[in-house]
Amino acid sequence: MNVLIKSATIIDAKSNHHNTTQDILIEKGIISKIAKNIKNTNNYKEITLENLHVSQGWFDSNVCFGEPGFEDRETIENGLKTAGKSGFTSVALQANTLPVIDTNASISFLKTKAQNNAVNLYPIGALTIKSDGVDLAELFDMKNAGAVAFSDYKKPIKNPNLLKIALQYASNFEGLVCSYPQENKIAGNGVMNEHITSTGLGLKGNPNLAEALQIARDLYILEYTGGKLHIPTISTLEAVNLIREAKQKKLNVTCSVAIHNLCLTDNELSDFETKYKVLPPLRTQQDVNALLEGLKDGTIDMVTSDHNPQTIENKKMEFDYASYGTIGLESAFGALQTVVTTKKAIQLLTNGKQTFNVNTHMITEGEKADLALFNPTYTYNFSTENIISKSKNSIFINHKLKGKAYGVIANKKIVLQ
């Protein structure tokens, strides 16, 4: 794959070309030259796009597709195409499939399905067998097959001893254990944030306390056991404070936040619109402010689209019974830029690579081309026309976004919208 990118502003703080506008020549998948004006003497394909910016390819640590078992929601093939056209060159895929991804054979299946693609798929194995929360799955075998972490997607670890054993066992091979932050006995049947809005709507609330209690428990266990713990999709002020204190103690903990929890509050639910039904729920502006502060001071390590396709049948029903989840890859960059600067957005979209052992490639001569292409100033109202996923359950439909991904160049392939 040979291509010449013309007049691209490079956003890569680790590159000598950071914040400069250059041509980038890519030959056989390697960046062979970066200069102000490169002549296309070999008649390579040229890419010239409006206000073109490039950065290292983006990474999403919390993505669901559906295959195997729920191909009506999304397939691996179309999911990876969606990720590529949204600027992502790597995604960590959750195990909430049918059957659940809980063996080395199922990890190998995912990696085989994703071969020869521009976007790298990094499987997350289930922490427990069938994600039932009873017995640990084959963690070491899955690690050897290519699993980058272990998680029961959106299912809290009820048994504290199970988390203790998981952290102790996984530490023998540098395994990353993920623990969803919710105490179910406190959350109960809550379907949205417990606050004034839930009271006014007459909907059962899921309080901040449910998240804080689980995180506090998990951090105490981590302090006892050691190991590596990742807490996905935090949503509350209390969570930020707890994790900040844990990092000050030098505990090996990381966390992420879903982009929609940074941009929207529970006020959006005033008309019972099920596209806003997500887990963790949309919280208050006070929580959003705390999350943004956590991003600023480094308490929160990364953002995620928390991409979770759902069929129309799962969403078009009474709010209490509708499924949780929203797609988010297509809107990730545009939504994130409504609350942070372009440079911060790129940092947050690439930060998680180290935690999940994803390869990084600087934008410099001699490096493998692993690039996201985007226009950071393009503004638009997000609609179904912007959706590439099979499922259309986007929380950001009819919201104004800022920034558009053109696509990616990675693994000797070009994927553009």
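The values are calculated or read from the model by the stated rules, or taken from the named source; none is laboratory data. If you're wondering where the values come from, they're calculated on a predicted model, not measured in any experiment. Using ideal geometry, Cβ is built from the backbone for each residue, glycine included, and neighbour counts are taken over all protein chains shown. These accessible areas exclude ligands, DNA and RNA; they are computed on the full protein's heavy atoms, side chains included. Shrake-Rupley method; radii C 1.70, N 1.55, O 1.52, S 1.80 Å.
Worth a mention:
- Ordered by solvent-accessible area of protein heavy atoms (1.4 Å probe), largest first, the residues Ser61, Ser323 come out as Ser323, Ser61.
- Region 21-62: GluC sites (Glu not before Pro) in DSSP coil with no more than 12 other Cβ atoms inside 10 Å: Glu50
- Region 201-238 and region 334-403 have their alpha-carbon centroids 27 Å apart.
- Label-zone membership for region 267-307, site Arg244, 7 angstrom Cα→C-beta point, backbone N under 19 Å: 283-303
- Each of Phe140, Asn42, Gln94 was scored by the projection of its Cα onto the charge dipole of region 26-150, and the greatest displacement toward the positive side belongs to Asn42; charges sit on the C-beta of Lys, Arg, Asp and Glu.
- To the nearest 10, the accessible area of Met317 is 80 Å² with a 1.4 Å probe.
- Simple point charges give the picture: +1 on the Cβ of Lys and Arg, -1 on the Cβ of Asp and Glu, and for region 193-255 a dipole about the Cα centre of about 220 debye.
- Of all DSSP beta bridges in region 102-259, antiparallel share, percent nearest 5: 10 percent
- Taking Cβ atoms as reference points and 10 Å as the exclusive limit, the residues near Thr379 contribute a net charge of +3, counting Lys and Arg as +1 and Asp and Glu as -1.
- CD proxy at 222 nm, helix term only [per DSSP H run n ≥ 4: -39500 (n - 2.57); per residue of the chain; nearest 500]: -7500 deg cm²/dmol
- Cross-link pairs exceeding 24 Å between alpha carbons, from the set Lys45/Lys353; Lys81/Lys111; Lys6/Lys353; Lys45/Lys400: Lys45/Lys353; Lys6/Lys353; Lys45/Lys400.
- Using a probe of 1.4 Å, the accessible surface attributed to Asp135 totals some 90 Å² when neighbouring protein chains are kept in position.
- DSSP beta bridges fully contained in the chain are about 50 percent antiparallel.
- Pairwise label distance in nanometres, Glu223 with Lys130, each label 7 Å out on the Cα-Cβ vector: 3.7 nm
- Contact order, relative form, for the chain: 20 percent (alpha carbon pairs under 8 Å, 6 or more residues apart, mean separation divided by residue count).
- Angle of helix 208-225 to the longest C-alpha principal axis of the chain, folded into 0 to 90 degrees and rounded to 10: 80°.
- The three principal axes of the Cα atoms in region 296-417 give end-to-end lengths of 54, 34, 26 Å, sorted in falling order.
- For region 68-176, projected area of the alpha-carbon convex hull averaged over all directions, nm²: 6.7 nm²
- Surface accessible to a 1.4 Å probe, Phe140 within the full protein complex, Å²: 90 Å²
- Largest to smallest accessible area among Tyr378, Tyr324, Tyr44, Tyr180 [probe 1.4 Å]: Tyr378, Tyr324, Tyr44, Tyr180
- Taken about its Cα centre, the chain carries a charge dipole of roughly 1000 debye when the Cβ of each Lys and Arg holds +1 and the Cβ of each Asp and Glu holds -1.
- Remark: accessible surface ordering of Lys111, Lys412, Lys353, Lys247 (largest first) is Lys412, Lys111, Lys247, Lys353, probe radius 1.4 Å.
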